[in-house]
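Shown next, in structure tokens, is the structure this report addresses.
Only the coordinates and a few stated rules stand behind these numbers; no lab work does. Computed from a prediction, not measured in an experiment: that's the story for all the values here. Methodologically, a virtual Cβ is constructed for each residue, glycine included, from the backbone with ideal geometry; neighbour enumeration extends over all protein chains shown.
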Amino acid sequence: MKGVMRFGKKGKLSPWYIGPYRISKRVGNIAHELELPQELATIHSVFHISMLKKCMGDPSIIIPTKYIGNKDNLSYEEIPVQILDRQVHNLRTKEVASVKILWRNQFVEEAIWEAEEDMEK
């Protein structure tokens with residue numbers, strides 16, 4: 001979905017899921033109300049079933065909200081940790097350098113390519 005805001009951060013660096021949270025009750029046929037912690041009190045607690053993911057009990061996929069570092073407006077700052085790789089794309093008239101960045105709160109498999117000049121800023 002283009003332009004969707006996920007927990008206040010627009011774009012590919014925002015987490016898809018946080019939690020796990022217990023379902024307190026079913027609202028209608030396709031919505032559920034969750035038991036959210038106090039730091040997420042500003043978020044509406046009823047979610048469409050397509051926005052939920054079953055927790056399989058793997059603790060490595062759980063991102064606690066205290067590590068996300070939510071601000072009052074539900075956004076968080078993403079900090080680059082390490083440059084994993086570098087490549088240069090040759091276009092017709094110029095060369096564009098890209099670096100593969102490992103961001104805080106993400107795994108190595110989720111590292112993304114960014115323009116080198118943007119990362120220098």
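All other residues whose Cβ lies under 14 angstrom from that of residue 33 are scored, Lys and Arg at +1 and Asp and Glu at -1, for a net of +2. In straight-distance terms, cross-link reach from residue 100 covers every one of the aspartates and glutamates whose alpha-carbon lies under 17 Å from its own, apart from those fewer than eight places away in the same chain; here that gives 78, 85, 109, 110, 114, 116, 117, 118, 120.
Karplus-derived 3J(HN,Hα) values for segment 81-92, using 6.51 cos²θ - 1.76 cosθ + 1.60 with θ = phi - 60°, are 9, 7, 8, 8, 7, 9, 8, 10, 9, 8, 9, 5 Hz; glycine and proline are entered as x.
With all projection directions averaged, the alpha carbon convex hull of segment 80-120 covers 2.9 nm².
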